[in-house]
Amino acid sequence: MIQHPIHRVSNFRIVDDYQLAVTFDDDTEQVIDFQPVLAGELLGPLRELALFNQVRVDPEVHTLVWPNGADFDPATLHDWSSHVQALTALARKWDLHPA
């Protein structure tokens, strides 16, 4: 059986518009620019900066969540550089073909 590390978001701070410095329980930090992936039915509304800035850490699932139900898997956030290209491509597709 393959075991994947479980990552949990422990904290974050807003560093710029749509950019968060996210700290994980293994004491690593990622500075993530979310703007390229904000598209589609769930993530698109986060283009409204006032909504984006309502981000918080959910104490049960230990990831970033927003009031509209948007969230990200903490493992994706932890390894953002490995996922950002695919997520950006999906976001472009969602913008071209809205639901």
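Okay, here's what the table says:
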quantity	calculated
Where labels lie 7 Å past Cα in the beta-carbon direction, separation of Arg92 and Leu49 in nm	2.6 nm
Qualifying GluC sites (Glu not before Pro) in the stretch 1-69, DSSP loop, other Cβ atoms within 10 Å at most 13	Glu48, Glu60
Cβ-placed point charges (K, R +1; D, E -1), dipole of the chain about Cα centre in debye, nearest 20	260 debye
Value at 222 nm in deg cm²/dmol, rounded to 500, when DSSP H runs of n ≥ 4 in the chain each add -39,500 (n - 2.57)	-8000 deg cm²/dmol
Net charge over other residues, Cβ less than 11 angstrom from the Cβ of Leu77 (K, R count +1; D, E count -1)	-3
Whole-Å semi-axes of the ellipsoid equivalent to the stretch 9-96 (Cα gyration tensor, √5λ, descending)	20, 15, 12
Dipole axis of the stretch 1-47 (+1 Lys, Arg; -1 Asp, Glu on Cβ), positive-most option in Asn11, Gln35, Thr23	Gln35
Net lengthening on full extension, Glu29/Ile14 (0.36 nm per residue, minus Cα-Cα)	4.1 nm
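No lab work stands behind these numbers, since they all come straight from the coordinates. All of these numbers come straight from a predicted model, not from anything done at the bench. Virtual Cβ from ideal backbone geometry, glycine too; neighbours counted across all protein chains shown.
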